[in-house]
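The values are calculated or read from the model by the stated rules, or taken from the named source; none is laboratory data. Since the structure is predicted, the reported quantities are computational estimates derived from the model, not experimental observations. Here the Cβ positions follow ideal geometry from the backbone for every residue, glycine too, while neighbour counts run over all protein chains shown. Ligands, DNA and RNA are excluded from the accessible area calculation, which covers all protein heavy atoms including side chains. Shrake-Rupley method; radii C 1.70, N 1.55, O 1.52, S 1.80 Å.
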Amino acid sequence: MPTLKVDGIEVEVPAGATVLQACEAAGKEIPRFCYHERLAIAGNCRMCLVEVKPGPPKPQASCALPAADNQEVFTNSLTVKKAREGVMEFLLINHPLDCPICDQGGECDLQDQSIAYGRGHDRYDENKRAVTEKYMGPVVKTVMTRCIHCTRCVRFMEQVAGVEDIGAVGRGEDMEITSYLEQALTSELSGNVVDLCPVGALTSKPYAFEARPWELRKTPAIDVMDAVGTNIRLDSRSRGVLRAVPRINEDVNEEWASDKTRHAVDGLLQRRLDRPWVREGGVLKAATWAEAFEAIAKVAKSAKSSVAAVAGDMVDVETLYATQQLLASLGSDLIEGRQTGLAYDASNIAAVNFNTTIAGLETADAILLVGTNPRWEASLVNTRIRKAVLAGAKVFAIGPEVDLTYPVEWLGNDLSILAKLPKAAADALKGAERPVLIVGGAALKVPGGQAAALALASTYKLVRDGWNGFNVLHTAAARTGGLMLGWARPGGMAELAEAAPKLLFLLGADEADLAPFASSFKVYIGHHGDKGAAAADVILPGAAYSEKHFITVNLEGRVQYSEKAVDPPGDAREDWSILRALSEALGKTLPFDSFGELRARLFAAHPAFATPGLASFDWSPPALDKVAISKGTELAYPVKDFYLTNPIARASETMQRCSAEILHGQAMLEAAE
């Protein structure tokens, strides 16, 4: 490990570290524009200049200089100061001084560093160059005259997203960063280039001119658009959430977020349920809370214990627990959290968990995907697989062929292949030190799919000391938390339908097939007027994920807490308070009067939720009856449209436009066109 001095401070850094990293280890701030910790080194901007001895008698770019023993680094000498001022002067030669109208104002690296490290005046008298704007789709707004050619966006799209949609054309003064054919960026992660851009060249199109950063209230939260559990920050003003940006969590999302996570927030106030509704004569009519509760109580009285509940994909743990307690007080245990019809055995959570962990995927050396399209089902899991591939891992897949952004050897779209893998895949799993199997919803939906996956895990010893390579990739944020609470019946939704409940509670269940429940009296508790609300007899308006404190568990069993950013609109209420008030109207008052009391009872009954972090599940897979999977059993991925997977996304104008343009090829005209 090299040992060197930085401004007289001796530091020891890992082998392969750069001088810039050594300076940071010594507590010194080094300005930079092109350098980013998660991207390859470019050495473009030269802003990170330092003096190094021994070495040439001139400042050097610290980002591209390896740290070595006995180096002496000077970060604040007069030579370094003058060099940085000169670099900044060159960067500002063509940069327009439009900070008052720039969306990046207040969050601009160039703005901050020009004040901290630049000259007090400019000696440039020539005309500034101008660059025509580039079209990059519904998510990214461009003002390319501001671009300083740091190439962060180019490197991100190539190295992390794996979709080479952005690049440079021309040379010298004529060099421009563009999307080549000026079409919409096709990556599900394209919004991250806005965070990476150190100037205002790439900004968020949906958020453009909405607010300045100092106007916003910033709330740490957890995303529920998929099962990854992306750590985000919700920026709100008044009663509206204006944007969602990622927070750093190395174990989950690093510092990235999918476009759906970022830009579905404009759907939070569209198509909202803000008052109770009761169906009379086949027509939904606005009602008071008392009238809605009275209608439910009337049915509950005759239904007695013939009551069931179906949970949607974005329901929080507290709501699931409160609903479970309400049904128990009515004498029923008919609850199901897999609204799309999956019926796998959930008696052992480890057997339906993502055991390798998201971060652990990076160390895998052989990966078999079965019935999953991680690019759409969990975009940030896909980036980890891509990292493993770049490190040398081989990926095999069973399912319809799609572009996963990395090389894949497709074994065919036939689940019966699991019984006898082709030689290349079998040899790779046998010879791997860290083999991984990822099973998706398409495979779990096939009778015998779960048993075949567990049998394969046993055959190839995917679970061994210090390593568990068996993974189930869920697509719903509520799934793992629901499984931990017991929201999984052996027969799934089919068993629930056979019970023919007279009263059915739908907790934001908008993807369920409700045809088998035609005779049931349906009560929808949710926040958007989507499919579930349209089929309901009574609608009780609930709170969206941005409007309540809640606990959620991601696909790897990581318990995470989210905070409330804004209040629900109109007469909408937080779900737990609706259930508490309803229980009183039913004469089965739940034993808590506050959110704190509810959580206390939840933690007493299920201690795993009391501490944020990775929950521990013992590996004890169920002994399932082997069902022969007939040859030619084709798989169909559960996510048909990445941008429109839930009611919030379907209400989002940005997500609708992304779906129409990127997936369906519809031309989108800008204002003047």
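For the chain, evaluate the Debye formula with one uniform point scatterer on each Cα (no solvent term) and list log10 I(q)/I(0) at q = 0.10, 0.12 Å⁻¹, rounded to two decimals.
-1.01, -1.31
Quick check: net charge around Ala600, other residues with Cβ under 13 Å of its Cβ, Lys/Arg +1 and Asp/Glu -1?
-1
Can you classify region 457-598 as rounded, prolate or oblate using the Cα gyration tensor, where a ≥ b ≥ c are the square roots of its eigenvalues, rounded means a/c under 1.5, and otherwise it's prolate if a/b beats b/c and oblate if not?
Details: a/c = 2.07, a/b = 1.39, b/c = 1.49.
Verdict is oblate for region 457-598.
Can you work out the accessible area per residue across region 98-158, with the rest of the protein chains kept in place, probe 1.4 Å, in square angstrom?
Accessible surface, normalised per residue, equals 48 Å².
Loop-only trypsin sites (Lys or Arg not before Pro) in region 132-200, please: DSSP not H, G, I, E or B, and at most 13 other Cβ atoms within 10 Å.
Details: sites: Lys134, Lys141, Arg146, Arg152, Arg155, Arg171; in loops: Lys134, Arg171.
Of the trypsin sites (Lys or Arg not before Pro), the ones in loops of region 132-200 whose Cβ has at most 13 other Cβ atoms within 10 Å are Arg171.
Once the cut-off is 24 Å, how many percent of the Cα-Cα pairs in region 182-323 end up in the long-distance tail?
Every Cα pair in region 182-323 considered, those over 24 Å come to 50 percent.
What is the percent carbon and sulfur in the accessible area of region 468-592, measuring with a 1.4 Å probe over the protein chains and ignoring ligands?
48
By the gyration tensor of its Cα atoms, with a ≥ b ≥ c the square roots of the eigenvalues, what is the shape of region 343-419: rounded for a/c under 1.5, prolate for a/b over b/c, or oblate?
Oblate, since a/c reaches 1.5 and b/c is not below a/b.
Cα centroids of region 176-239 and region 370-444: how far apart, whole angstrom?
The distance from the Cα centre of region 176-239 to that of region 370-444 comes to 30 Å.
Would you compute the Debye intensity of region 580-673 from its alpha-carbon atoms alone, equal scatterers and no solvent, and pass along log10 I(q)/I(0) at q = 0.26 Å⁻¹ to two decimals?
-1.25
In Å², and per residue, what accessible area does region 434-563 have when probed at 1.4 Å with the other protein chains present?
Result: 28 Å² of accessible area for each residue.
How large is the convex hull of the C-alpha atoms of region 314-384 per residue, in Å³?
Looking at region 314-384, the number lands at 135 Å³ per residue.
Given a 1.4 Å probe and every protein chain left where it sits, what share in percent of the accessible area of region 163-255 is carbon and sulfur? Mind showing how you got there, number by number?
Values: 1750 of 3680 Å².
Of all accessible area on region 163-255, carbon and sulfur atoms account for 47 percent.
Tell me the per residue accessible area of region 293-374 using a 1.4 Å probe; a whole number in Å² is fine.
27
Give me the percent of accessible area attributable to carbon and sulfur for region 23-158, probe 1.4 angstrom.
53
Can you give the calculated 222 nm mean residue ellipticity of the chain, where each DSSP H run of n ≥ 4 adds -39,500 (n - 2.57) and the sum is split over every residue, rounded to the nearest 500 deg cm²/dmol?
Mean residue ellipticity at 222 nm (helix-derived): -6500 deg cm²/dmol.
Counting only C-alpha contacts under 8 Å and six or more residues apart, can you give the relative contact order of region 459-570 as a whole percent?
Answer for region 459-570 is 22 percent.
Between Phe521 and residues 5 or more places away or on another chain, which pairs have amide H atoms under 5 Å apart, with H built 1.01 Å from N, and which residues are they?
Leu503, Leu504
Angle between the Cα long axis of helix 595-605 and the longest principal axis of the chain, 0 to 90 degrees, nearest 10?
Relative to the chain, helix 595-605 is tipped by roughly 80 degrees.
Within region 397-487, which GluC sites (Glu not before Pro) sit in a loop by DSSP and count at most 11 neighbouring Cβ atoms inside 10 Å?
Passing sites in region 397-487 are Glu401, Glu433.
State the answer as a single residue: which of Val241, Val627, Thr405 lies farthest towards the positive end of the charge dipole of the chain, with beta carbon charges of +1 for Lys and Arg and -1 for Asp and Glu, about the Cα centre.
Val627
Could you let me know the centre-to-centre spacing of region 113-149 and region 497-550, using Cα atoms, in angstrom?
Between the Cα centres of region 113-149 and region 497-550 lies a distance of 50 Å.
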